[in-house]
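The values are calculated or read from the model by the stated rules, or taken from the named source; none is laboratory data. Source: prediction; values computed, not measured. For neighbour counting, all protein chains shown are included, and Cβ atoms are generated from backbone atoms with ideal geometry for every residue, glycine included. Accessible surface is based on the protein model in full, side chains and every heavy atom, while ligands, DNA and RNA are left aside. Shrake-Rupley method; radii C 1.70, N 1.55, O 1.52, S 1.80 Å.
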2 protein chains.
Amino acid sequence: MITIIENPSPSEFTDICKRPVLKSKDLQGFIADVFKQVESSGDVAVKEFTRTFDRAELNDLRVDSAEVERAFAQMESELMYAVQRASENIRAFHTAQIRDETKLDFGNGIRLGQKAVPIKRVGIYIPGGTAPLLSTILMLAIPAQIAGCKEIVLCSPPSFNGAIHPSILAVANMCGIKEIYACGGAQAVAAMAIGTESIKKVMKIFGPGNQFVMAAKAFAMNYGCAMDLPAGPSELLVYADDQAIPSFVAADLLSQAEHGADSQVVCVASSSKMALEILEETYSQVESLPRRDIAMKALENSRFVVIENLDEAIDFINEYGAEHLILASVNAEEMLDQVQNAGSVFLGNFCPESAGDYASGTNHTLPTNGWAKSYSGVNVDAFTKKITYQSISEHGLREIGGVVTTMARAEELEAHARAIDVRLNYLNKLPFEQ
Amino acid sequence: MITIIENPSPSEFTDICKRPVLKSKDLQGFIADVFKQVESSGDVAVKEFTRTFDRAELNDLRVDSAEVERAFAQMESELMYAVQRASENIRAFHTAQIRDETKLDFGNGIRLGQKAVPIKRVGIYIPGGTAPLLSTILMLAIPAQIAGCKEIVLCSPPSFNGAIHPSILAVANMCGIKEIYACGGAQAVAAMAIGTESIKKVMKIFGPGNQFVMAAKAFAMNYGCAMDLPAGPSELLVYADDQAIPSFVAADLLSQAEHGADSQVVCVASSSKMALEILEETYSQVESLPRRDIAMKALENSRFVVIENLDEAIDFINEYGAEHLILASVNAEEMLDQVQNAGSVFLGNFCPESAGDYASGTNHTLPTNGWAKSYSGVNVDAFTKKITYQSISEHGLREIGGVVTTMARAEELEAHARAIDVRLNYLNKLPFEQ
């Protein structure tokens, strides 16, 4: 049984908030080799890795549009309706994130601006397996389209028969994705990052994956290809005050725990009584879960903490910086104002994490492992980059020319100063010449 | 003499736009060792590295406030005025980048939002040497303050005498930075990323540096510390149409070339005549530069390209994705609309890159080496992270509960579905119970 940590001193928060250190294998050598082979042999290397790791034989990496349409035609109508409804919410929320161009006119001949421009070509990685992460397609493809990315590529590993799970194809089709490739693992990431005969190089890769995929996404930086977020196991912190409903909190903790044995589950309760009730409910509910064994393993690493003082509880929440934060509290809205570090926050008793995982409209690709302290979850901005610009008139240059030359010479960068001087000299001569 | 590439076929653009491959030493082993020692020995290790690499003996890493005030008191008034004027423009432009919170109410009991929250504690690295990069302090500290970062730390290497260049201290003081540490190189990055007795861990590190600093910033990711941008030598692409003024363009190319022998300088001209005139001017102006030898080396790697067709020139510009892009053209404003990949764009004949480097108000910390295709330059957003949140009422949960359970079960995540079911069952019982 899990020990409940009662009213720890704030000085202990950092230790309690530490994630278990993951014994990640050193994959650098393997990943570097995959990239090298994909770089030198292209599609041949990708197919060879697919043969070895996915035990699938492929003629074409690209999935035929007829196969996609077939999968779409066979999609169950209930799932199709659900995906449509979720898509509407996701589309609405990510559209609301779009902002006007920044423009500033100093009125002295200097005008500045900053415009968001879509990343032209992006890659989406969707893991394979028996349970396809079709919701992740929505979470990545919809913001990419709203941002205006012209080319969206989806890679997902094939099963033995060489085919991608039909649900993935069907949902990709609903999202309007035209370029789908049956390849997975590090070789898929390498193919997207470098480019092969079939798969043209992308500028940024999004999406979850196993440790090989994650290591490959980080390695892709060496090939000029960006990635969405650093990796880490999924996490949930629930804060439960005395009005919380233990069976709800327990169900939420288990929805996180079932993800994987390395999932992080933290419960902060405002009283020992509430903590105990949640704990009992959790152990009661876990028994009937199909993924009971996985959830049980995750619970072994979970933490139940009682913090009676609300300010201290908020400090703890911010110290942890959870990927998902449920505030099962009557004061949820007020607490939100004080939340500094979290990926996505769920307010009140009727707002489970799973609502955000699928359908509320917020994105479920979020920073884990404490990265919420410095990273945003995936949003429309992640599919754009911002370009600044400036326009300076003759008058504007006279206005700031001296500032530039003074600073440039203080930095001993004479050519920087002369780029101003050559223009000011030219302007000073003009009245006489004309 | 540089060869002018005349009207290359668009199929050759990718090759012409390739940056020279940098022979970067493999620093991984060295960097890992620095981090390991700083992790285990803290300040002692940092001081030992400082003794070895900077040949400076330090009692305290932290710079005394009296020393900072002394440096500020001795600052030349002309430089102080220039820094103030530049700061005003930088402050105004970065303030203009702030946006309202995103809020969306679906009107059915589901409300969503996305709020920007400052990164609490950030580190700024400023390289040392005889010519202090004081402008970079403004470019990082001012947006950090506007974003609302509570704690801003500055690290810069000491010279032999153990002191940071007075200009750096004075400008840091003008920016209101209170925490300044005399340490540089990989050990400074390690100290900020891990934390020592003197230097508390930061969440994100900004700023330029040599290859050790750059490698250390990337390595800091292993310690949960983010960085601003991937590294690369500075670059400038100038597009010059037939109305461009060759002496201006030459001065701009040289302002980039003087940065370092690995600086990237590209000139795209609309005619051979213009290209030739710029080239001659460049070789004429370089002779009298203090940093002539560095600039000459950079020019050896530079490219002069003639592209008569404007659409093709724009394709070339977007293929290159320059850190700095000067459009010395009468059509600069129209061309800007078509620029997809660039860090910062300078419009017209009187808008040299050096204006943006120091004083126009745009940021000079920009993506290099083609990263402009996927990365923004430093802006206010870089000092924040965005947290999403959702509030769902009983009614809202009834609205989307079925969507969530359908999708969760399609992904075989039963506990996700049950987190909805437990609530819906509770709500369905309410009318009978009450």
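Below is a table of values for the structure above.
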quantity	calculated
Lone unmet requirement of (1) in contact with a helix residue (DSSP H, G or I) (Cβ under 9 Å, 6 or more places away or on another chain); (2) facing chain B (nearest Cβ under 7 Å) for A:Leu424	(2)
B:Tyr375 being within 7 Å of chain A (Cβ to nearest Cβ), in contact (Cβ under 8 Å) with a residue 12 or more places away in the chain and open to solvent by 40 Å² or more (accessible area, probe 1.4 Å)	yes
Unmet requirement for B:Leu79, which otherwise passes all of (1) touching a Leu at 6+ places or on another chain (Cβ under 7 Å); (2) at the interface with another protein chain (Cβ under 7 Å from one of its Cβ atoms); (3) hydrophobic (A, V, I, L, M, F, W, C)	(1)
Looking only at the range A:37-83, and only at residues there that are in a loop (DSSP other than H, G, I, E, B) and touching a strand residue (DSSP E or B) at 6+ places or on another chain (Cβ under 7 Å), the one that is modelled with the lowest pLDDT	A:Leu58
Residue tally, condition polar (S, T, N, Q) and buried (at least 23 other Cβ atoms within 10 Å of the Cβ), over the range A:314-328	0
Test: residue in the range A:119-141 that is surrounded by fewer than 18 Cβ atoms within 10 Å (Cβ to Cβ), facing another protein chain (nearest Cβ under 10 Å) and at pLDDT 95 or above	yes
For B:Leu336: the one exception among (1) at pLDDT below 95; (2) in a helix (DSSP H, G or I)	(1)
Whichever residue in the range A:84-104 is assigned to a helix (DSSP H, G or I) and surrounded by fewer than 17 Cβ atoms within 10 Å (Cβ to Cβ) and, among such residues, is farthest from the chain's Cα centre (by Cα)	A:Gln84
Breaking point among (1) open to solvent by less than 20 Å² (accessible area, probe 1.4 Å); (2) touching a His at 6+ places or on another chain (Cβ under 9 Å), for B:Asn108	(1)
Residue within the range A:173-185 that is more than 11 Å from chain B (Cβ to nearest Cβ), of a type in the set (D, E, K, R) and within 25 Å of A:Ile31 (Cβ to Cβ) present	yes
Residues of the range B:142-176 satisfying the condition of being open to solvent by less than 10 Å² (accessible area, probe 1.4 Å), outside any strand (DSSP E or B) and of a type in the set (Val, Ile, Thr)	B:Ile142, B:Ile164, B:Ile168, B:Val171
Hits in the range B:246-258 (condition: open to solvent by 10 Å² or more (accessible area, probe 1.4 Å) and either closer than 20 Å to A:Met407 by Cβ or facing chain A (nearest Cβ under 7 Å) (or both))	B:Ser247
Residue match in the range A:358-367 (condition: facing another protein chain (nearest Cβ under 7 Å), at positive phi and modelled with pLDDT of 95 or more)	yes
Where A:Thr405 falls short, out of the listed (1) crowded, with 22+ Cβ neighbours inside 10 Å; (2) not in a helix (DSSP H, G or I)	(2)
Where A:Gly107 falls short, out of the listed (1) part of a helix (DSSP H, G or I); (2) more than 9 Å from chain B (Cβ to nearest Cβ); (3) among the small types (Gly, Ala, Ser)	(1)
Any chance A:Ser344 is open to solvent by less than 20 Å² (accessible area, probe 1.4 Å), among the polar types (S, T, N, Q), in a helix (DSSP H, G or I) and within 13 Å of another protein chain (Cβ to nearest Cβ)	no
Selection status of B:Val378, of a type in the set (Val, Ile, Thr), closer than 30 Å to B:Gly148 by Cα and outside any strand (DSSP E or B)	yes
Total residues in the range A:285-313, condition surrounded by fewer than 19 Cβ atoms within 10 Å (Cβ to Cβ) and among the hydroxyl-bearing types (Ser, Thr, Tyr)	1
So A:Gly207, is it on the phi > 0 side of the Ramachandran plot, open to solvent by less than 10 Å² (accessible area, probe 1.4 Å) and at pLDDT 95 or above	yes
One residue from B:Lys47, B:Lys36 being open to solvent by less than 90 Å² (accessible area, probe 1.4 Å) and more than 10 Å from every other protein chain (Cβ to nearest Cβ)	B:Lys47
Condition check for A:Met221: free of Cβ contacts under 8 Å to residues at least 24 places away in the same chain, within 13 Å of chain B (Cβ to nearest Cβ) and surrounded by fewer than 22 Cβ atoms within 10 Å (Cβ to Cβ)	yes
Pair list, Cβ < 6 Å and 6+ apart or interchain, from the range B:147-158 residues that are within 16 Å of B:Thr196 (Cβ to Cβ) to residues that are open to solvent by 20 Å² or more (accessible area, probe 1.4 Å) and part of a strand (DSSP E or B)	B:Val153/B:Glu179
Test: B:Leu397 is surrounded by fewer than 20 Cβ atoms within 10 Å (Cβ to Cβ) and part of a helix (DSSP H, G or I)	no
Complete set of residues in the range A:10-33 that are surrounded by 14 or more Cβ atoms within 10 Å (Cβ to Cβ) and closer than 30 Å to A:Ala313 by Cα	A:Phe13, A:Ile16, A:Cys17, A:Arg19
Hey, A:Phe350 facing chain B (nearest Cβ under 9 Å), within 21 Å of B:Ala417 (Cα to Cα) and open to solvent by 10 Å² or more (accessible area, probe 1.4 Å) or not	yes
Conditions (1) within 27 Å of A:Met139 (Cα to Cα); (2) small (Gly, Ala, Ser); (3) open to solvent by less than 10 Å² (accessible area, probe 1.4 Å); number of the one not met by A:Ala382	(3)
Residue match in the range B:190-203 (condition: under 22 Å from B:Asn161 (Cα atoms), more than 13 Å from every other protein chain (Cβ to nearest Cβ) and of a type in the set (Ser, Thr, Tyr))	yes
Sole exception among (1) of a type in the set (S, T, N, Q); (2) surrounded by fewer than 23 Cβ atoms within 10 Å (Cβ to Cβ); (3) more than 23 Å from the chain's Cα centre (by Cα); (4) within 13 Å of chain A (Cβ to nearest Cβ) for B:Thr282, by number	(2)
Which numbered condition B:Ala332 fails, given (1) over 16 Å from the mean Cα position of the chain (by Cα); (2) buried (at least 24 other Cβ atoms within 10 Å of the Cβ); (3) more than 7 Å from chain A (Cβ to nearest Cβ)	(2)
Check on B:Ala251, in a loop (DSSP other than H, G, I, E, B) and out of contact with any Cys (no Cβ under 7 Å at 6 or more places or on another chain)	no
